[in-house]
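Scroll down for the structure; my scribbles are underneath it.
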Amino acid sequence: MQTFKDFWKRATSLAGKKDIFFNASAITFNLFICAVPFILILMSIIGYVLSIDEAFNEIVRYGREFFPSFTYETQNNDVFQGAVTIETLLRPLVGARQIFGIVGIVILLFFTQGLLHSLKHVLFDIFDIEERKHPVLEAIYNFFGFGLIGAVFLFFSLFTSFTSLLNLSQLSIPFTDIVIQLPWIYDLINFVLPIILTFFVMYVVFRFGSERKIKPRVAIMAALTYTFLFEIAKYILGTYLQYAFTSYRYFYQGYTILIIIGVWTFYTAILFVVTAILARAFKDTYVANKPSIEENPYTAIS
């Protein structure tokens, strides 16, 4: 019980010292700047195995999983037009480059350095990790990190494609005529798969985005925490926007979809910073066997 109190005391102390909104703003800005190159990188990686149309559909599906369901509803013309605009912007790029090739991926990775660097800066700041100064080594780690994230998306894309080839809604018992109907299986997969995907992506970010300076146990805790908070926030914000979208559309007209995306992006960035703070508090309270030097400046150094 005392350890639990120490955990929240440590988390509260870190929240007061670290600038949550500043760090979240930096992530949001870089996410907007690097969104298109990052999407093209994922599309290129997935496109090496799947066709380019299937890769594009996978990216759209991931977008639906990572945004509140309200954002992609097509009952209203504004939302539908926003989705069409995004597709219209991306398809010419994909069609012109097709499968981008190694050189194309390297160029796109160069333009997405800011996104991973902002995530690393937040982790290094909250965990008090000394940042790597050499730009070449930092670029190598960034390429490695993007490769791992792309591998996670590729794995889940292949898994989705594989399950679509099978009829999992029926289970035949060998050597008998018995067929068990499982109509709920695909609904379960569609519900569980995005949660598992979010967990693995965040584990890669916390574990390897920190250049493996965050222990696996802490990274798992952080990934679980972010996934839990993310799913709750996605449901709550989606429910809220069902009622608020009419008012937003009255003031912002066709730009409403951009406002909603901006709010959601900033909100998820705040969740990332808060999760990092909770992970640091977990590390100091449960993983470390003794208080950190920061908390005990008079500790003798042998």
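Nothing in this text is a laboratory measurement; each read-out follows from the coordinates by a stated rule. Keep in mind that what you see is a predicted model, and the values were worked out from it rather than measured. Here Cβ is always computed from backbone atoms with ideal geometry, including for glycine, and neighbour counts include all displayed protein chains.
Whole-Hz Karplus values for the stretch 35-46 come out as 4, 5, x, 5, 4, 5, 5, 4, 5, 5, 5, 5 Hz, taken residue by residue from phi with 6.51 cos²θ - 1.76 cosθ + 1.60 and θ = phi - 60°; glycine and proline positions read x.
Each residue, ASN57 and SER25, gets one label point 7 Å from its Cα in the Cβ direction; the gap between the two is 4.3 nm.
For TYR240 and GLN170, calculate 0.36 nm times their separation in residues minus their Cα-Cα distance, and state this gained length in nm to one decimal.
On the way: separation 70, 0.36 × 70 = 25.20 nm, distance 3.76 nm.
Once the chain is fully extended between TYR240 and GLN170, it gains 21.4 nm.
With the cut-off at 20 Å, tell me which of the pairs LYS9/LYS283; LYS17/LYS120; LYS9/LYS213; LYS17/LYS283; LYS120/LYS215 have Cα atoms farther apart than that. Over 20 Å apart, Cα to Cα: LYS9/LYS213.
Using the Cβ-Cβ distance between ARG64 and LYS9 with R0 set to 51 Å, the FRET efficiency from 1/(1 + (r/R0)^6) comes to roughly 0.80. Taking each residue as 0.36 nm, the span from ARG217 to HIS121 lengthens on full extension beyond its C-alpha to C-alpha distance by 32.5 nm. On the basis of the beta-carbon distance and an R0 of 30 Å, LEU193 and GLN2 show a calculated FRET efficiency of 0.15.
With a Förster radius of 35 Å applied to the C-beta separation of VAL263 and LEU182, the computed FRET efficiency comes to 0.35.
The modelled label-to-label distance between GLU131 and VAL49, using points 7 Å beyond Cα along the C-beta direction, is 3.4 nm.
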